Amino acid sequence: MTLHRKPEYGRVNRGKPINFSFDGKIYSAFDGDSLASALLAHGVHLVGRSFKYHRPRGFVAAGPEEPNALVTFDRGPGRVTPNVRATTLEVFDGLVAHSQNNWPSLTFDMGAVNDLFYMLFPAGFYNKTFMWPKSFWDRVYEPAIRKMAGLGPAPIDEDADIYASQYMHCETLIVGAGPAGIAAALAASEKPGRVILVDEQYEFGGSLLSTPNMVINDIPAWQWLEDSLAILKARENVTLLTRTTVIGYYHENFLGAVERITDHEKDLSSHKPRERLYKIRAGEVVLATGAIERPLVFQSNDRPGVMLASAAHTYLNRYGVVVGEKIALFTCHDSAYEVIFDLADAGISIAGVIDVRDQVSETIIAAAKARNIEILTGTIVSGTSGKFRVSSLRASKIEDGKITSTWEIACDCLLMCGGWTPSIHLFSHSKGSLKWREDLGAYIPDNPNENVISVGACNGTFGLRKIMTEGAGGSTEYQVNAGAFGSGIIPATFPTEGDPAKVKAFVDFQNDVTEKDINLAVREGLKSIEHVKRYTTTGMATDQGKTSNLNALQIAAKAVYKPVQQVGLTTFRPPYTPTTFGALVGGKDGHSFHVIRKTPMDGWAEDHGAVFEPVALWRRARYFPRDGEDMLAAVNRECLTTRCSLGIFDASTLGKVEVIGPDAAEFMNRMYTNPWLKLKPGSCRYGLMLGEDGYIMDDGVIGRLAENHFHVTTTTGGAPRVFRMMEDYRQTEWPELDVWLTSTTEQWAVIALNGPNARKLIEPFVEGIDLSEEKFPHMAVREGRICGVETRLFRVSFSGELGFEINVPAHYGRALWETLFIAGQKYDITPYGTETMHVLRAEKGFIIVGQDTDGTVTPMDVGMSWAIGKKKKDFVGKRSLSRPDIMAEGRKQLVGLLTDDPNIVLEEGAQLIANPEQSIPMDMIGHVTSSYWSATLNRSIALAMVKNGHALTESNVYIPMPGKIYKAQVSKCVFYDPNGERLNVI
Amino acid sequence: MLLIKCPYCQEDRPEIEFSYSGEAHIARPLNPDDLSDEEWAEYLFIRSNRRGLHHERWLHAHGCARFFNALRDTVSDKFELTYKMGEPKAQVKK
Amino acid sequence: MLSELKIDQAVELAPILTGEVDLLPVQTRYSLRVKPKERCAFIEASNIDLPAQIGKMSVQYDRVVLCIGPDEYILICSLAEREPLARKFEELMGKYIFSATDISHRNVSFILSGEQTTNMINVGCPLDLSLENFPVGKCTRTIFESAEIILFRMGKTKFQLETWRSFAPFIVGYFEKYCLQNRGK
């Protein structure tokens, strides 16, 4: 039993002692302790240094609102979490935690000099200071500020934990399992429909855990709690989630909640996720999120040992820990008397009660008298003393708003109660409107924007009986022994004795914002609380001002002589409490991060050493290096082998769409620029698709398999958007057409064979198709069988060589590829990837949509007017081709480029200029879109978009690249076999 | 995440099944060649960008794969109603 | 010389998935579209039972027909049925206004079963899978994380999930994680 642990008090498991380490020192604790309660049990109040001034700080609260006691929770490499609130961190055997923001140590902190130079850190100091010289910001000021000010260091190791996420659905979601939430759950679960009850703490009960003396319906509070939870557990429609924080409330009752699963467990070897993100869709939401006690704003209210009255209550009754041996209370509200009476009844010496109000009720006076507690009314605390812990307070008598006398009272703990702030965070996320309750000095929920109700303290309802009855929705009347919750006043600010400019009365403990900072901001002209917030940073720390917002608001309102409602309220945004990135990622890491689509032949490529590249969601083989080849060597070899003999290429990623129906040809005619009505079944055509704006959208070879049946191919990356655009026109513009589209991209594995030996290779394997030049000419398609498997065989070429594209049902792709590869050995067949494909097509001047075009390029710009059906009345994009800006002179046009030095491969994206002598900035006339080394031509080649390029053939252009300006001659786009003779090799 | 009632599926379905497809009730002119450049530009580029109730096209992409029309409040983000393609333009209640 | 090529669905199931996730062998699958006013006549002529409403499915022998759009159906049956079906569609083409596209190899199918099945699906799928909201016999196209799926319920704790071939490993990866985290086998 430690010195500060009270026997007979608390819910911690004294039968289960454990040890933990804080700042390297080993302490004992009990199962059920929070890190805060365990440290307080050892009399440790000093746990951190403040953000800006490095002032010593201790525990203010006992729950998630804690602004000060942020620690680094250290579970070893990859498992370090900074800025964890010690008040919510469950202690387990072997827990390791460190204090933060101090160097070299908590008790001797160099940064504390900031406190002496506080005049350097007024409100808005970031904005005002460090402005000059500009270059100092990056190099001097920012690094220094980052070192001095700040919270715990961000972890640098990769997260070693795993995370998960899960969608959930329920009819009723109840957030908060205090008395209101449990009453709501009992009532809701009596009806059919799924009920989820969540609470951020590891045990249900909320405020009941701190008030064991309450009696509910003649049953002691803790017994009632146990009974009620047993009832809920037994109901099949109820899901109970502890350690689960609802972090955000989104549209249509969609809420995010994070369950902490392993942070309280010693064992790290389990497969359990550390945290799970629940994405909950609820029919109705019941918010029972309670209220947070408000600190009072007075000089040196941040000294360790100064804490909220409710916190002391929780430490005593829930954890059996007394927070001091001689405790004083400073209050403006009745509710804190229950705390001081409980402490007195536990045998703690009470140094006195300082109550701002001139009068308190007779009941309170009587109860205090019975315990020998002195109440000083009309009195304030005007300061505190003590090095790392409060040792005395200064009490000051107030008359007519002025201090008339001041004296010291010795104490080792000062409790404060400035009233209560309903926790409206989630209601506010859901965009419900708020209303001001003058008596509470706080906002409460008004008109909901979702199907939500707020019950209990978060709704501004106080007093256990009222809270529980409201929670039950009136269905159950609860009887409790507790007296009235009482009332209080909202003083906002207090008079001071000394120079107000030197008083440090903290409003936002975590961001070190004081009352005078807020006053200064108002004096400097910032009248809206949103501006005051940004200028002073009040409420902008990781606690989002849970304890400070209302005080800041009251102070600002007072300073501008306006009612609080006119000063406004800052917006609450998710997450309610700081949330790990891991939880938000929710298991979508590694291979689950995004889809990597693989073709049927991908495994073969991997086995054969392919280097891959991502193309849209696909990964495609880029090249197949042999014996230590680099990319250039591999591509040169792949190109030459293909041109001389045979190359095999995986074209499965090409988008494929089956267009079927009586109006299929008409539909194609409207979608593509080319004429389709007269294309004969068995023939193919290159199809060009425009957007309605006239710019090239996609292209691909399209085969007509029957009168009413087309096999359309699209680019790999364009497949989804082309399909969607086609569906859009089909459904919404031309619903009268009888035609349907089906994506068959993944139905077919596609093997492209290119090279003079292509026909010879497949001949022995093909059945039912006459492969002869006469019967199966270039741009034809046939159905038959290959290796016994059905195939759609296209005679097409994207390389300029004799080419076939063999479509087989996807699951046969790899086996067919392997068969052809083995049979191709006698032709020295080479597999090639996208890089060689690009070189071969560039040698032929074939464009790649998205590389040579960029969404602002017309068919005329790339010299493809031939693809436009001149006699067609309409097609998508046709009208735009006669738009003035598209007809205008000076558009960029696709040309070839041949560098003077054939060994220079231009950079793709390099800019073109007409005259290298001009002054900077030069007039840029175009850019390189494709550029390669052509092994076939033994020189470099490039394609470029150049202003009026078609008229510039054989003129010179210049390309500035790092170090040098290169000269090139504009050429035709086709560099190789301009007459296309190689397509028809017999 | 919004819930969107698909008028074809007749169910409230999660927003991630859907994708937005621009302003609704802008029909492609039947004879584009008859339009002046200005009229064509109007059709191509000019949208109302309304604050408040807005007629929109949505696609139940990962569902029934149908385009439909909706009346949605661009301030609250919420859907007022959805209806099938071809049905008359929903009136905005004053 | 002309021999059948080996079938490869390119899906590997880790041992931990045993009993929870099974890969179906290759099925015959058709994407069927029928002009709504010809639906009844088409049913009669084809003897294929097309459900009348989106989200419904019909089961005939070992043949399942899912209605996943106003005029869109997915027919799933054994491999043996493929040839007769293909012939049937060829016969009907021209007589009725419809489209039939073979997508047998486009998709792979998983049978998901066990007490935890709905939770496992809800890892990536946002639909409410309670029996009330997703009863046995309901089918739909939906999404699992960023992968499109078709999901239908065959029993209280038994679903079939269809997805495009290249999305399958992505989805299976989630199932593996789920089983590992929740069963620790």
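Points worth noting:
- Test: residue in region A:887-895 that is open to solvent by less than 50 Å² (accessible area, probe 1.4 Å), in the same structural domain as residue A:953 (by TED's automatic domain parsing) and either of a type in the set (S, T, N, Q) or under 24 Å from residue A:671 (Cβ atoms) (or both): yes
- Residue check: residue A:724 meets all listed conditions (1) within 11 Å of another protein chain (Cβ to nearest Cβ); (2) surrounded by 20 or more Cβ atoms within 10 Å (Cβ to Cβ); (3) within 30 Å of residue B:87 (Cα to Cα) but one, namely (2).
- Flag if residue C:115 is surrounded by fewer than 22 Cβ atoms within 10 Å (Cβ to Cβ), assigned to a loop (DSSP other than H, G, I, E, B), among the acidic types (Asp, Glu) and not assigned by TED's automatic domain parsing to the domain that holds residue C:39: yes
- Scanning region B:8-28 for residues that are assigned to a loop (DSSP other than H, G, I, E, B), at the interface with another protein chain (Cβ under 8 Å from one of its Cβ atoms) and not aliphatic (A, V, I, L, M) yields a count of 4.
- Scan region B:60-92 for residues that are among the charged types (D, E, K, R), assigned to a strand (DSSP E or B) and over 13 Å from residue B:10 (Cα atoms) and the total you get is 3.
- The condition of being in contact with a helix residue (DSSP H, G or I) (Cβ under 9 Å, 6 or more places away or on another chain), within 29 Å of residue A:835 (Cα to Cα) and not assigned by TED's automatic domain parsing to the domain that holds residue A:697 holds for only one of A:941, A:913, that being A:941.
- Candidates A:886, A:913, A:904 - the one that is among the aliphatic types (A, V, I, L, M) and farther than 30 Å from residue A:694 by Cα: A:904
- Pairs with Cβ under 7 Å, 6+ apart, first in region A:181-197 and within 14 Å of chain C (Cβ to nearest Cβ), second part of a helix (DSSP H, G or I): A:195/A:185; A:195/A:188
- Hey, residue A:840 outside the structural domain of residue A:626 (by TED's automatic domain parsing) and crowded, with 19+ Cβ neighbours inside 10 Å or not: yes
- Near pairs, Cβ below 8 angstrom, 6+ apart or cross-chain, from region A:352-366 (touching a residue at least 40 places away in the same chain (Cβ under 8 Å)) to any residue that is polar (S, T, N, Q): A:354/A:331; A:354/A:379; A:356/A:331; A:356/A:379; A:357/A:377
- Output for region A:158-183, where each listed residue is part of a strand (DSSP E or B) and more than 19 Å from the chain's Cα centre (by Cα): A:168, A:169, A:170, A:171, A:172, A:173, A:174, A:175
- Only one entry in A:790, A:773, A:692, A:783 is open to solvent by 10 Å² or more (accessible area, probe 1.4 Å), in contact (Cβ under 8 Å) with a residue 60 or more places away in the chain, touching an Asp or Glu at 6+ places or on another chain (Cβ under 8 Å) and among the acidic types (Asp, Glu), namely A:783.
- Taken as a whole, the condition of being facing another protein chain (nearest Cβ under 10 Å), closer than 30 Å to residue A:281 by Cβ and in contact with a strand residue (DSSP E or B) (Cβ under 9 Å, 6 or more places away or on another chain) applies to residue B:3.
- In region A:875-927, the residues that are under 15 Å from residue A:859 (Cβ atoms), outside any loop (DSSP other than H, G, I, E, B) and in contact with a strand residue (DSSP E or B) (Cβ under 9 Å, 6 or more places away or on another chain): A:880, A:881, A:892, A:893, A:894
- For region C:141-181, the set of residues classified as open to solvent by 10 Å² or more (accessible area, probe 1.4 Å), aliphatic (A, V, I, L, M) and closer than 18 Å to residue A:162 by Cβ consists of C:180 only.
- A residue that is on the phi > 0 side of the Ramachandran plot, buried (at least 19 other Cβ atoms within 10 Å of the Cβ) and within 9 Å of another protein chain (Cβ to nearest Cβ) occurs somewhere in region C:48-62.
- At least 1 residues being on the phi > 0 side of the Ramachandran plot is the threshold, and among the strands (runs of 3 or more DSSP E) wholly inside region C:128-185 not one reaches it.
- Region A:1-45: number of residues that are in a loop (DSSP other than H, G, I, E, B), of a type outside the set (A, V, I, L, M, F, W, C) and out of contact with any Ser or Thr (no Cβ under 9 Å at 6 or more places or on another chain): 10
- Cβ-Cβ under 6 Å pairs, at least 6 apart or on other chains, region A:727-746 side away from chain C (no Cβ under 12 Å), far side open to solvent by 20 Å² or more (accessible area, probe 1.4 Å) and of a type in the set (A, V, I, L, M, F, W, C): A:732/B:85
- Residue C:121 being buried (at least 20 other Cβ atoms within 10 Å of the Cβ) and at the interface with chain A (Cβ under 7 Å from one of its Cβ atoms): no
- Scanning region B:52-94 for residues that are away from chain C (no Cβ under 14 Å) and in contact with a helix residue (DSSP H, G or I) (Cβ under 8 Å, 6 or more places away or on another chain) returns a single hit, B:57.
- Out of B:12, B:37, B:33, one residue alone is in contact with an Asp or Glu (Cβ under 9 Å, 6 or more places away or on another chain), open to solvent by 40 Å² or more (accessible area, probe 1.4 Å), under 20 Å from residue A:886 (Cα atoms) and not β-branched (Val, Ile, Thr). It is B:33.
The values are calculated or read from the model by the stated rules, or taken from the named source; none is laboratory data. All values reported here derive from a predicted model rather than from experimental measurement. Please note: Cβ atoms are built from the backbone with ideal geometry, for glycine as well, and neighbour counts cover all protein chains shown. Just so you know, the surface numbers come from the protein's heavy atoms only, side chains and all, with ligands and any DNA or RNA stripped out. Shrake-Rupley method; radii C 1.70, N 1.55, O 1.52, S 1.80 Å.
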